[in-house]
Amino acid sequence: MARYTGAKSKIARKFGEAIFGPDKYLEKRPYGPGQHGPAKRRGAKRSEYAIQLAEKQKAKYTYGILERQFSNLFEKASRSKGITGEVLLQLCEARLDNTVYRLGIAPSRRAARQLVSHKHITVNGEVVNIPSYTLKVGDVVGVREKSKSLEAITSSLTSNNKKYDWLDWNKASLEGKYLSIPARDMIPENIKEQLIVELYSK
């Protein structure tokens, strides 16, 4: 499966949530996409499997992770100490592209992946161009020196006003530190991770 590059509003409407950020189309049409609109059949009771699968798909789209990558993350989470579902989300949060987004260097995870792939981002002073790179506590994520004046980055940083307890941003040096592994209640994503664990446990 290739990475999804289609209409984000279509996916947001499918899950009934603005998983890619504020969405005016979702506000106008808060029901699934399709030529028949909010047909009655959409309200039909879904099976347990369908609900679990939808939650996994929502998590994948939210973090921009492919099926195999997500499956590998789950395997890693299931081998780790702690609650599997919580560890799974923590691994998603520790990805470099997600952290670049959380720090406000990019306005979306998709844009963050592009910045990382195009070698605009450093980890501990070294350029890293792998979006799925897993950060460790204490790692410092920064903007490459010659990329600091990039309009896409400066514009994103100017409009960003979100702060996260597990990240520390230095405005002067354009660097952010990964302070700690976030607890589940710190992660703002509306994902029912237990449903994903139940799906993979079948």
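What follows draws every value from the coordinates through simple rules; no lab data is involved. Model, not experiment: these values are computed from the prediction. When we count neighbours, we look across all protein chains shown, and the Cβ atoms used for this are built from the backbone with ideal geometry, even at glycine.
Per-residue Cβ neighbour counts within 10 Å put LEU91, LEU53 in the sequence LEU53, LEU91, beginning with the fewest.
Please list log₁₀ I(q)/I(0) at q = 0.11, 0.17, 0.19, 0.20 Å⁻¹ for segment 95-180, using the Debye equation with identical point scatterers on the alpha-carbon positions. Once normalised to I(0) and log-transformed, intensities are -0.22, -0.56, -0.72, -0.81. Extension gain for VAL140-SER173 works out to 10.8 nm (0.36 nm per residue, less the C-alpha to C-alpha distance).
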